[in-house]
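Worksheet: the structure to be examined is printed underneath.
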Amino acid sequence: MKYIIMAGGPATRWRKYNNTTKHLIKIGKENLLERLVRQLRECNAKEIFIVSDNELYEIPGATRIPLAFDCKLYNMFYYKYLDEPCTFLYGDTYYYDSVINEIISTKTKDIVFFGTQESIVAIKVQNHEKFKYHVDKLREQELKTGVAVNRAGWAVYRKLNSIEEDEKISLLENFTLINESEVANVNDQQEYEQLVEKISNQVRY
């Protein structure tokens, strides 16, 4: 099983806060990428990849893979190397150990999405050919309409489960609901500061 940390986005909401990228922002003594790589290694993950053009994302214990396409979908989902089972994780997400353990220990012969009601935080892909098929379908949709796919994780989930774009998302059997208190997205300064305060309070009390 490959573990793919997606960290190639433009980070437009972050705006170089604290003179760094969101993936390298410190949470305690580690940045987000260092923490995630360590968590995966502690769970005996062997093949860990970080998808990014940023040379600063060379994290010990992982291999950085430069972006290879002019298509966000293909870059994000490691398309060039999507030839065996893999698990996708987000480089701008803070995962509690319990969540990483659940993602790694979950068994599937197909595809499982992990997330809260609002956001997908991981995708475990055993049937990589099926996953690649739906990514291709989304790419065809982009080319046909001229409109880029937003929220790619949800877009794949919708496509795979035949949920129309104007239809309310239903959390089906292939979606594992994660407790919102055990993950945190770090997209902007406010989310980062809220996370730091939350962790500080947990340590204090």
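The values are calculated or read from the model by the stated rules, or taken from the named source; none is laboratory data. Just so you know, these numbers come straight off a predicted model, no measurement behind them. Positions of Cβ are backbone-derived with ideal geometry, glycine not excepted, and every protein chain shown enters the neighbour counts. The protein model used for the area step is the full one, side chains on, heavy atoms only, and it has no ligands, DNA or RNA in it. Shrake-Rupley method; radii C 1.70, N 1.55, O 1.52, S 1.80 Å.
Descriptive notes on the structure:
- Pairs with Cβ under 9 Å, 6+ apart, first in the range 34-50 and closer than 25 Å to Y79 by Cβ and free of Cβ contacts under 8 Å to residues at least 40 places away in the same chain, second loosely packed, with under 14 Cβ neighbours inside 10 Å and among the aliphatic types (A, V, I, L, M): K46/M1
- Strands (runs of 3 or more DSSP E) contained entirely in the range 57-109, each with at least 1 residues that are open to solvent by 50 Å² or more (accessible area, probe 1.4 Å) and without any contact (Cβ under 8 Å) to a residue 24 or more places away in the chain: 63-65
- Residue match in the range 144-155 (condition: among the aromatic types (F, W, Y), under 21 Å from T93 (Cα atoms) and in contact (Cβ under 8 Å) with a residue 40 or more places away in the chain): no
- From Q194, Q189, residue being under 18 Å from N18 (Cβ atoms), more than 17 Å from the chain's Cα centre (by Cα) and open to solvent by 90 Å² or more (accessible area, probe 1.4 Å): Q194
- Test: residue in the range 155-172 that is in contact with a Ser or Thr (Cβ under 8 Å, 6 or more places away or on another chain) and within 25 Å of L24 (Cβ to Cβ): no
- When the residues of the range 44-56 are filtered to those that are out of contact with any Leu (no Cβ under 8 Å at 6 or more places or on another chain) and not in a loop (DSSP other than H, G, I, E, B), the one that is least open to solvent (accessible area, probe 1.4 Å) is F49.
- Exactly one residue out of E164, E173 is open to solvent by 90 Å² or more (accessible area, probe 1.4 Å) and under 21 Å from the mean Cα position of the chain (by Cα), and it is E173.
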